Amino acid sequence: MMEPPAYLEAHGLLEGKVVLVTAAAGAGIGLATAKRCAEEGAELVVISDTHERRLGEAAEQLEAATGRRPLAVRCDVTVEADVQQLFDATVAEAGRVDVAVNNAGLGGTANLVDMTDEQWFAVLDVTLTGTFRCTRAALRHMVPRRSGVVVNNASVLGWRAQPGQAHYAAAKAGVMALTRTAAMEGAAAGVRVNAVAPSLAMHPFLSKVMDEQTLGQLVQQEAFGRSAEPWEVATVIVFLASDYSSYMTGEIVSVSSQHP
């Protein structure tokens with residue numbers, strides 16, 4: 001098993017940008033992305049989550065790590081009024097949204113024959129429809145300004161089959177299609193929309209939706225013999241959010257060492 005690399009130094013890739021990151025509480029990709037954006041010089045980082053207490057803890061953690069306190073706004077991406085309030089609060093604070101990272105997603109494990117309608121719709125409402133709501137809100141703000149970047153969090157399961165993941169895979173495949181279409185609609189205004197598709201980024205919440213045996217098997221399938229660190233996915237998100245990817249739109253970038 002190969003050890004993760006040392007944490008990378010920042011290069012000011014998001015200097016002066018206003019960045020909004022959904023589902024940034026906890027210890028996953030969202031928090032890692034918010035931290036990385038602050039380190040890369042963002043003027044303001046806005047974080048959201050459905051959990052008020054965890055959101056406050058995340059804000060404190062980010063302030064301690066970066067010296068800057070993010071704007072923390074509670075948001076349930078399944079509620080349109082919450083999404084509107086999130087973007088309105090960001091604009092009220094900073095006057096604009098330069099980058100929107102749509103990270104909110106919901107997982108679970110159930111074979112199709114056992115999956116209920118409720119399980120199916122719960123995953124799709126957060127993972128796909130929530131991403132739609134946030135992308136729509138971002139485009140409504142960015143297109144008139146003729147400036148902005150959206151980065152969605154998809155998954156390699158949008159391409160690959162894994163038992164028990166029909167709802168999640170369908171939702172993430174939908175995120176990929178949504179990303180490509182939104183990119184074409186935003187291109188004329190200079191707004192870029194891309195997505196990352198991680199394979200396996202290990203964090204504590206994974207064990208709540210997937211058993212340890214399955215997680216162990218997935219790790220063994222990775223070429224490096226380890227899962228990604230959440231910050232390794234965050235650095236790719238930062239790249240897509242930055243001017244370094246100025247000619248990329250409608251792209252789904254795999255953050256993976258796993259090969260079929």
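Brief remarks follow.
Listed here are the residues, each with its yes/no results for (1) at pLDDT 95 or above; (2) closer than 18 Å to Arg96 by Cα.
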{"residue": "Met2", "(1), (2)": "no, no"}
{"residue": "Ala27", "(1), (2)": "no, no"}
{"residue": "Ala38", "(1), (2)": "yes, yes"}
{"residue": "Val45", "(1), (2)": "yes, yes"}
{"residue": "Pro70", "(1), (2)": "yes, yes"}
{"residue": "Arg74", "(1), (2)": "yes, no"}
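- Residue match in region 96-116 (condition: at pLDDT 95 or above, over 19 Å from the mean Cα position of the chain (by Cα) and within 21 Å of Arg36 (Cβ to Cβ)): yes
- Single condition Thr90 does not satisfy, out of (1) farther than 17 Å from Glu52 by Cα; (2) hydroxyl-bearing (Ser, Thr, Tyr); (3) part of a loop (DSSP other than H, G, I, E, B): (3)
- Taken over region 29-49, the criterion of being in a loop (DSSP other than H, G, I, E, B), out of contact with any strand residue (DSSP E or B) (no Cβ under 7 Å at 6 or more places or on another chain) and of a type outside the set (D, E, K, R) is satisfied by Gly41 alone.
- Hits in region 104-131 (condition: in a helix (DSSP H, G or I) and touching a helix residue (DSSP H, G or I) at 6+ places or on another chain (Cβ under 6 Å)): Trp120, Val123, Leu124, Thr127, Leu128, Thr131
- Total residues in region 57-95 satisfying the condition of being farther than 22 Å from Gly26 by Cα and surrounded by fewer than 16 Cβ atoms within 10 Å (Cβ to Cβ): the figure is 8.
- Residue among Ala201, Ala195, Ala182 that is surrounded by 15 or more Cβ atoms within 10 Å (Cβ to Cβ), of a type in the set (Gly, Ala, Ser) and modelled with pLDDT under 85: Ala201
The values are calculated or read from the model by the stated rules, or taken from the named source; none is laboratory data. Predicted model only: the values in this text are computed from it and were never measured. All Cβ positions, even for glycine, are placed from backbone atoms using ideal geometry, and neighbour counts span all protein chains on display.
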